[in-house]
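Data block below; observations after.
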Amino acid sequence: MKTILLHIHEDSAQNSRMEVALDIARATGAHVRCLQVTPVIDYVSADMYGGSYVLPQDIDNIRIAEAQEKEKIEARIQREGVAWDWRHSDGDVVQCILSASRLVDAIVVTLPGPGRRGIGDPLPIVADLAISSRAPILAVPKGCKAFACQGRAMVAWDGSHEAAVALCAARPLLALASEVHVVTVEEKAKRDFPPIDASEYLSRHGIASEIHEWPRKGRTVEEALAAAADELRVDWITMGAFGHSRLRETIFGGVTRYLLGEARVPLLLAH
């Protein structure tokens, strides 16, 4: 990975996103592109005649806060010894990130937390980005403090197009991992490609992997995958993101939706 897009937003998970982006940049020699987005629509007011406007004092306050955040982030990243630049956009957050991601290798954002959104919570944008982005989404749990580039990686494999796209997108990071586990959950009625195909693909790129056909034991597929991740003690997971429209988390099938809500390690998602 040579270009990483880091979503800049002053929330409680800002530091975890930055730590992950910096870890990957140091391990791969990647360039970090910081993108700060002003969600203008959040500050639009309407009048009784159907007009809309943003108060000048609101804009001034927003720009002051953004400048302070930029100064703080720049001071931090300048000490990290990685290549970086700064971009700013006004508009819808998802659309601005998608526009800025056309020539990047990964987008670092935060996994949505459970419950209602409060002030200071990360924006719930992972689902929209995962379905619409050409670049893979590295969704980081809020409490994540690092990305173990040389740790254990898990490939959630079912032979689907989405899983194959995710596997290819994750290859640069999988090449750094100390262990790569290709996990397929037992499903008698569904098998497009055997798990050996994923392992063979990786081996042709010099990446050793271990294949696991994980038993259901009365569990759902997503529960079995979560159990595999825990038992194998993996540091991150790559998987396909399933969905067909932009309706946030409700667009996803059970596996993706479950792991978006329950994952305790970073997820690299591709569609």
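Name every residue in the stretch 153-170 that is assigned to a strand (DSSP E or B) and either open to solvent by 10 Å² or more (accessible area, probe 1.4 Å) or modelled with pLDDT under 95 (or both), in order of residue number. Outline the logic, then answer.
Restricting attention to the stretch 153-170, the residues satisfying the condition of being assigned to a strand (DSSP E or B) are 153-156.
Residue satisfying the conditions is Ala156 alone.
Working carefully through the options Leu260, Leu225, find the one that is out of contact with any Cys (no Cβ under 8 Å at 6 or more places or on another chain), farther than 26 Å from Arg26 by Cα, surrounded by 12 or more Cβ atoms within 10 Å (Cβ to Cβ) and modelled with pLDDT of 90 or more. When all the criteria are applied, what remains is Leu225. Figure legend. Inter-residue proximity from the stretch 135-158: first residues closer than 15 Å to Ile4 by Cβ, second residues surrounded by 18 or more Cβ atoms within 10 Å (Cβ to Cβ) and among the basic types (Lys, Arg), beta-carbon distance below 8 Å, spacing 6+ or different chains. Indicated pairs: Val140/Arg17.
Residues checked against (1) modelled with pLDDT under 90; (2) in a helix (DSSP H, G or I); (3) surrounded by 14 or more Cβ atoms within 10 Å (Cβ to Cβ); (4) in contact with a Cys (Cβ under 6 Å, 6 or more places away or on another chain):
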site	(1), (2), (3), (4)
Val182	no, no, yes, no
His212	no, no, yes, no
Arg219	yes, no, yes, no
Ala229	no, yes, yes, no
Ser245	yes, no, no, no
Glu249	yes, yes, yes, no
Val255	yes, yes, yes, no
Leu269	no, no, yes, no
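Looking across the stretch 3-25, not a single residue is among the basic types (Lys, Arg) and modelled with pLDDT under 95.
The values are calculated or read from the model by the stated rules, or taken from the named source; none is laboratory data. The structure presented is a predicted model; accordingly, all values stated were derived computationally and were not measured. When we count neighbours, we look across all protein chains shown, and the Cβ atoms used for this are built from the backbone with ideal geometry, even at glycine. We work out accessible area using only protein heavy atoms, side chains counted, and drop any ligands, DNA or RNA first. Shrake-Rupley method; radii C 1.70, N 1.55, O 1.52, S 1.80 Å.
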